[in-house]
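Student: Supplied in structure tokens, the structure appears directly below.
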Amino acid sequence: MPDEPFQIETTRPDKNCEHCHGAGFVRINVPVGHPHFGKAIPCVCKRIELSERRLAHLRRASNLQHLRAMTFDSFVVKDDVSPEVRMSLQDALTTAEEFAAEPRGWLLFTGHYGCGKTHLAAAIANDRVECNKPALFVVVPDLLDYLRSAYAPDSAITYDERFEQVRRIELLILDDLGTQNTTPWAAEKLYQILNYRYNAELPTVITTNQNLDDMDPRLASRLRDQTLVRTVPIYATDSRTQGNEAFGSLSPYGRFTFDSFGMRQNELQQHESEQLQRTVQTLRAWSDDPVNWVLLRGTFGVGKTHLAAAVANKIARSGMNVLFVVVSDLLDHLRATYQPNSPISYDQRFNEVRRARLLVLDDLGAQNATPWAQEKLFQILNHRYVSRLTTILTVSDEGWEEMDQRLKSRLMDSDVCQIIDIDAPPYRGTPREAKRPKRTTRRRLPS
């Protein structure tokens, strides 16, 4: 028996490797009866080659070649945002860096479109791959297509092999969970993958703009497990649409600020002028710490839209995402998603509004009050009511009188909604004597 029983012998001579000389396989010098006796096993160089091929395949499957610029160094935490937004961005960055250094448990990044979730998830993947560690980064709809493609007759890999590769990968990063087409097959595949990783406690990163309540309850229950999952909310705005008049953009209302709001001291009666001043002061203070709901109520043309936009613009300048939309336009946008060529699905648009960090709904009650319209508005606002999501609404006296009683009951809950009445004549020349409908409830600002 040789002094070194695991001394390496080559299968054929070559000069490329000091062990196998390019053969790729070696025989281990072991005694008769040993499990490896007479067997060729992959050389160290062969195992390295196989590992590099696997990592190259994962890079291709992850499309990381298109995301190489998304690194921790290129993730910018801006200074010109509110402390809340800056803190959420810095915490997300620090958490992502720590996870990349030592992946344990699950990370769940939540936030609006374009807030930086994908950047941080890709940065984790890039960091791991640079360290020659396996990581699969994939957008969820692409993952499902990736699995389906294994059914093709010319696929180089079977479905089972591909499924196991995804399910067992050392680090799986799923981007945009919730944007997939929720067919029974898709829901089942995602559940099988994530349930396996949950039970095995395999490191996993997920990004989503969905609320957990809207997910498959089986997935939601696992994502709520705080012993395994760390949820990292990001409150920043969508940097890709700033300055564009995208859906819900504040751009058309940029000139509506508190400073540009006319106080009309020369045309209002004293009590009207004093009440308007108190309204502006209250809204300025509320915009410094926006919580719960504010409803601006008054006749047409008294400045409700201007004041709502002034609040929204002030909050948006602090870095918080704001969605500003006229109610009738919102319903048109929802209807448009039913068109075959719509670039966005109904669920995406509906959930974008329902979950917005700050939602401004202008002219509530002015929409065509069809049963469908009433139901959609109630679903949106009831979700925000239950979740206590910050909301600003404006309504005319006429709209208030004709409002769906279910919705009105939420607005009259003083624990959630502060109603501010603007008792002043309109800007647009409506006679002062015009009689306004009597309100069923009125809350005036304190003197």
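Every number here is computed from the coordinates shown, using simple stated rules; none is lab data. No experiment lies behind these values; they were computed from the predicted model shown. Quick reminder, even Gly has a Cβ in these numbers, built from the backbone with ideal geometry, and neighbours come from all protein chains shown.
Student: Sorting check: for 321-329, 224-232, which peptide has the highest mean count of neighbouring beta carbons within 10 Å, and how do the rest follow? Don't skip to the answer; put the middle values down first.
Tutor: Details: 321-329: 20.3, 224-232: 13.0.
Result, highest mean Cβ count within 10 Å first: 321-329, 224-232.
Student: Highest mean first, how do 108-115, 397-404, 418-425 rank when packing is the count of other Cβ atoms within 10 Å averaged over residues?
Tutor: The densest-packed peptide leads the list: 108-115, 418-425, 397-404.
Student: Taking the highest mean first, how do the peptides 407-414, 91-98 order by number of other beta carbon atoms within 10 angstrom per residue? Intermediate results must be reported in sequence, preceding the final value.
Tutor: On the way: 407-414: 15.1, 91-98: 17.5.
By packing density, highest mean first, the sequence is 91-98, 407-414.
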